[in-house]
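Have a look at the structure below before the remarks.
The values are calculated or read from the model by the stated rules, or taken from the named source; none is laboratory data. Note that the structure is a prediction, hence the values are computed from the model and not measured. As a convention, Cβ positions derive from the backbone with ideal geometry for all residues, glycine included, and neighbour counts pool all protein chains shown.
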């Protein structure tokens with residue numbers, strides 16, 4: 001994998017890094033808050049991505065947005081499983097939640113190491 005050019009990170013402020021860490025934190029806590037924090041975080045991701053010139057930050061915003069929409073799609077697709085019986089729907093939701101957490105924790109660790117997602 002290509003490493004990030006650190007010269008492009010020099011114009012970023014500590015506040016910009018803090019915003020990214022907060023967004024990853026909101027997304028990571030979202031499954032435990034009935035996904036309300038994810039909705040807030042994805043809105044902020046869209047707003048911040050439009051103003052982003054740094055490719056590292058822009059890619060991480062896109063990564064978070066893409067993960068959110070894929071998780072939502074799979075939650076909607078598997079929701080009919082609840083009609084059969086509660087257990088299959090619950091199992092599908094748990095699997096999607098684990099995948100969601102894995103993606104955000106992986107992205108967060110890669111952002112912390114200044115790597116692309």
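Taking residue 72, is it under 11 Å from the mean Cα position of the chain (by Cα) and assigned to a helix (DSSP H, G or I)? Here the answer is no, as residue 72 does not meet what is asked. Within the option set 23, 29, being in a helix (DSSP H, G or I) and surrounded by fewer than 16 Cβ atoms within 10 Å (Cβ to Cβ) holds for one residue only, 29. Candidates 105, 87: the one that is under 19 Å from residue 38 (Cβ atoms) and either out of contact with any helix residue (DSSP H, G or I) (no Cβ under 8 Å at 6 or more places or on another chain) or part of a helix (DSSP H, G or I) (or both) is 105. Within region 48-71, which residues are surrounded by fewer than 17 Cβ atoms within 10 Å (Cβ to Cβ), out of contact with any helix residue (DSSP H, G or I) (no Cβ under 7 Å at 6 or more places or on another chain) and at pLDDT 95 or above? Within region 48-71, 66, 69, 70 meet the criteria. Tell me, which residue of region 72-84 that is more than 17 Å from residue 34 (Cα to Cα) and loosely packed, with under 11 Cβ neighbours inside 10 Å is modelled with the lowest pLDDT? Among those residues, the one meeting the criterion is 84. The residue pairs whose first member lies in region 42-60 and is at positive phi and part of a helix (DSSP H, G or I), whose second member is crowded, with 21+ Cβ neighbours inside 10 Å and modelled with pLDDT under 95, and whose beta carbons are closer than 8 Å, counting only pairs six or more residues apart or on different chains, do not exist in this structure.
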